[in-house]
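Accompanying notes for the structure given below.
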Amino acid sequence: MVVALMITFGLHRKVSMHSAVSAGAVVILMVAYGPWLALLASAVGLIGWSRASLGDHTTAQVAVGTLVGIVAGGLLYGVLL
């Protein structure tokens, strides 16, 4: 969330925090409990689709949010292990 907020407010670029949090959560669950939880990635896709469909974000904003969640969530969890 901190990284997404820094991009949104620091660079004045909107990032989908819903996508970031859901993608980060999936990565953390996969690391903690196994790769079979990659099935939850479909939920991340649905969340991104809903944000774009509602007009709250563009496809690019959803994609950046997803990447931020994957990288920041995965790295932070890896460091904390």
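Taken together, the values in this text are just the output of simple stated rules run on the coordinates, not laboratory data. These numbers were taken from a predicted model, which means no experiment stands behind them. Note that each Cβ is placed from the backbone with ideal geometry, even for glycine, and that neighbours are counted across all protein chains shown.
Per residue Cα convex hull volume for segment 2-80, in cubic angstrom? Show your work: numbers first, answer last.
Working: hull volume 5.4 nm³, N = 79.
Considering the Cα atoms of segment 2-80, their hull volume per residue is 68 Å³.
Kirkwood Rh and Cα-based Rg: tell me the resulting Rg over Rh for segment 36-81, rounded to two decimals. If you can, show how the numbers build up before the last one.
On the way: Rg = 12.3 Å, Rh = 11.5 Å.
Looking at segment 36-81, the ratio lands at 1.06.
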**Item:** Residue-wise HN-Hα coupling along segment 36-41, computed from phi with Karplus coefficients 6.51, -1.76, 1.60 (Hz; x: Gly, Pro)
**Value:** 5, 6, 4, 4, 6, 4
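Starting with the highest mean, order 7-18, 35-46 by the number of other Cβ atoms within 10 Å, averaged over the residues of each peptide.
Working: 7-18: 15.7, 35-46: 13.3.
Going from most to least packed, we get 7-18, 35-46.
Given a Förster radius of 22 Å and the C-beta distance between residue 67 and residue 37 as r, what FRET efficiency does 1/(1 + (r/R0)^6) yield to the nearest 0.05? Please report the intermediate quantities before stating the final value.
Numbers: r = 19 Å, r/R0 = 0.86.
Here the calculated transfer efficiency is 0.70.
Once fully extended, how much extra length lies between residue 46 and residue 12, figured as 0.36 nm per residue of separation less the alpha-carbon to alpha-carbon distance?
Taking residue 46 through residue 12 to full extension adds about 9.7 nm, to one decimal.
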